[in-house]
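Heads up: the structure comes next, in C-alpha cells.
The values are calculated or read from the model by the stated rules, or taken from the named source; none is laboratory data. Note that the structure is a prediction, hence the values are computed from the model and not measured. Because the Cβ atoms are built from the backbone with ideal geometry, glycine has one as well, and the counts that use them run over all protein chains shown. When the accessible area is computed, the model is the full protein with side chains, heavy atoms only, and any ligands, DNA or RNA have been set aside. Shrake-Rupley method; radii C 1.70, N 1.55, O 1.52, S 1.80 Å.
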Amino acid sequence: MARSSRGETEGTAVSDEVAKAVEECARAAKRAAPSLATAPAEAIDAALKAMAGRLLDSREAVLEANRADVAKSREEGMSAGLLDRLTITEERLTGMAEQLRLLAGAPHQERSVPVSTLDGGLQLVERRRPVGVIGANYEARPNVTVDVASQLVKSRNAGVLRTGSAALGSAQRLLDVVIAPALAEAGIDADVIQLVPRVEREAAAALVQLPSLVPLVILRGSGESTRALATEAATHGVRTLAHADGGGVLYVDKAADKEKVRSLVDNSLDRLGVCNRLNLLLIHSEVHDEVWPAISDALGERGVKPSLAPHEHAIGYEWALDSDREATVTVAKVDSLTDAVRIANEETSGLAAGIATEDAAAADAFFDGYTGTGVFWNAPTRLLDGFKLLAVPETGINLDKVPGPRGPVTYTDLYVRQYAVLPADR
C-alpha cells in the first residue's frame, strides 16, 4: 500500500525517515542477492567457517559491545530474564562459533531433485530455489543475529535483519567484525546481509511492508507484538514465519518415576528467559502429594516460585516472557491424562509438552492426543531447539498448524519449489 505524504499506511504508521532506511537495506540486499544465490557450496561453507574464526578472534570486541548494551539496559530497568537473553558470555560466544562450524559442515540442500518421468520422453524435476531476500525481526538476543545470518547464507538467501534497540550495538559489531568480512573473504558480496540501523520500533512495521523486496519475514519476539506484525504483514502480502509464543508443559502421570520427575523439572529450568523452559506443570491428583516434595525442592534449587491454585491467571499463562514474574511455574492438579492433554492443547501456546511416566501405553496416548509442535517422553521440553535436535542453528520455532515448516526452522526450510519439465536424457 502506498504511503501518504506523512509516511502513513492504511495499517501501521511509519515515518518517512524510518521507512526509507529499511527500504534502502532491502534494496541493497536484493542487489547483492545474486552473488550468494550463484555462489558455489565451497564458498558458502568457507564464509561460515570464516565467521566462526573471526568470532573467536574478535572475542573482546564483540564482548565489549555486548557489555555496553547490557549496562545500558540494566540502567533502564530491564528484567533479569531479558538481561540473560541479551548477554553474550564467553561460553555462549564459543558455542556460537561451534554452531557456525557445524553448519559449515552440514550438507547443502539438493538444488534439483528428480520426481518422475512423463509421457513424450520428458522428466519432471523439483528445483529448490532461494526466496531471494528474507527479513528477520527479533528483540534483545544478539546471538540471533549470527543464527539467522548464517542460516540465510547457507540457504543462499540475502537478509534484512532488524533487532531491538537493546541489542543493536552487539548486532552491529557482529556484522562489522564477523559476518561482513567473512562473506567478503569468501568472494560473496557482503551486502547480502543487512542490519537496519534504526532503533525505532516502527522499523519492524516497515520491514513487513515491502512484498516486492522482502516477500518473507521471520518474526521472533513477544506474543502480542509478533502477532500484530504478522497481521500487518498479511495486509501487505508479505508472508511470515512467526515465533510468537512459548512455554513448555510437563504432565506428571500416575506412573511417573519420582526421581525422573525431579530431574526433568531441574533440567527444564536451566535458563528462565527462553521459550522452551518449563512453564506449566500438570500433576495427576493420585500422585501429587507423593511427588510434590521432590518437585518443590527442584524448583527451590533453581530459584523458581510455583504459582499454585487457586490461580489468579490463566493456566497456560506464559510466565517465561513476563518481565515481572519470569521465575515462576504454574502448577495444577489434573484427574486424568485426558485432562492434561486437553489443557495442553487448548490452554497453552502449543509449543511443546512432555509426559513423565513409566507406562508406555500412557506415553502413546499422550503422543497421540497432543497436537503441539514438540512432544516428549521423560525428556525436557528444552530440547525443542534447532541446535539440540538437528545440530544446526535455527531461525526460530514455527507453531503454525497448517502445512509448511513447523518446529525449529533451519536452512533446509528456506527455499521455494519450482517444477521443471525437461527432456528425459538431460
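For the range 154-300, taking Cα atoms only, Rg and Dmax work out to 21.6, 64 Å respectively.
Expressed as an acute angle from 0 to 90° and rounded to the nearest 10, what is the orientation of the C-alpha long axis of helix 16-37 relative to the principal long axis of the chain? Relative to the chain, helix 16-37 is tipped by roughly 80 degrees. Partners of Lys258 within straight-line reach, counting lysines whose Cα lies under 20 Å from its Cα and excluding those fewer than 8 residues away in the same chain: Lys305, Lys333. Roughly what angle does helix 288-301 make with the longest principal axis of the chain, taking Cα atoms, 0 to 90 degrees, to the nearest 10? Once rounded, one gets 50 degrees.
Peptides 33-43, 143-153 ordered by packing proxy, namely the average of other Cβ atoms within 10 Å per residue, highest first: 143-153, 33-43. Diagonalising the gyration tensor over the Cα atoms of the range 39-191 and scaling each eigenvalue by 5 before taking the square root yields semi-axes of 36, 17, 12 Å, largest first. Ranking Pro34, Gly221, Gly303 by Cα position along the charge dipole of the chain, where only Lys, Arg, Asp and Glu carry charges on their C-beta atoms, puts Pro34 farthest toward the positive end. By the equivalent-ellipsoid construction on the alpha carbon gyration tensor, the range 294-426 comes out with semi-axes of 36, 18, 15 Å, ordered largest to smallest. Only Lys, Arg, Asp and Glu carry charge here, each on its Cβ (+1 for the first two, -1 for the last two); on that basis the range 221-313 has a dipole of about 340 debye about its Cα centre. Within the straight-line cut-off of under 14 Å between alpha carbons, the aspartates and glutamates reachable from Lys401 are Asp245, Glu346, sequence neighbours fewer than 8 places apart in one chain being disregarded.
Mind listing the long-range amide H neighbours of Trp377? Cut-off is under 5 Å, sequence gap 5 or more, other chains count too, H placed in the peptide plane at 1.01 Å from N. When sequence neighbours closer than 5 places are left aside, the close amide H contacts are Ile355. The charge dipole of the chain, taken about the Cα centre with unit charges on the Cβ atoms of Lys, Arg (+1) and Asp, Glu (-1), comes to about 1380 debye, rounded to the nearest 20. Per residue of the chain, the DSSP helices (runs of n ≥ 4 H) give a summed -39500 (n - 2.57) that works out to -12500 deg cm²/dmol at 222 nm. For the chain, give me the percentage of DSSP beta bridges that are antiparallel, rounded to the nearest 5 percent. Antiparallel: roughly 30 percent of the beta bridges in the chain. The angle between the Cα long axis of helix 337-346 and the longest principal axis of the Cα atoms of the chain comes to about 40 degrees, rounded to the nearest 10.
So, with a 1.4 angstrom probe, what is the percent of accessible area on the chain that is carbon and sulfur? Carbon and sulfur atoms account for 50 percent of the accessible area of the chain.
Provide the gained length on full extension for the span Ala80 to Arg67, in nm with one decimal, where the gain is 0.36 nm per separating residue minus the Cα-Cα distance.
That pair, Ala80 and Arg67, stretches by 3.2 nm at full extension.
Taking 26 Å as the limit for the C-alpha separation, the pairs Lys49/Lys388; Lys30/Lys72; Lys72/Lys154 exceed it in the case of Lys30/Lys72; Lys72/Lys154. Which entry in (i) 20.8; (ii) 24.5; (iii) 22.9 is this structure's computed Kirkwood radius over Cα pairs in Å? Working out Kirkwood radius over Cα pairs in Å from the coordinates points to (iii). Sites listed here are GluC sites (Glu not before Pro) in the range 60-169 whose DSSP assignment is loop and whose Cβ has at most 13 other Cβ atoms within 10 Å: Glu76, Glu110.
Taking 16 Å as the straight-line reach from the Cα of Lys254, the aspartates and glutamates in range (excluding those fewer than 8 positions away in the same chain) are Glu286, Asp289, Glu290, Asp335, Asp339, Glu358, Asp359, Asp364.
Computed over protein heavy atoms with a 1.4 Å probe, the accessible surface of the chain works out to 44 Å² per residue.
When only the Cβ of Lys, Arg, Asp and Glu is charged (+1, +1, -1, -1), the dipole of the range 1-154 relative to its Cα centre reaches about 380 debye.
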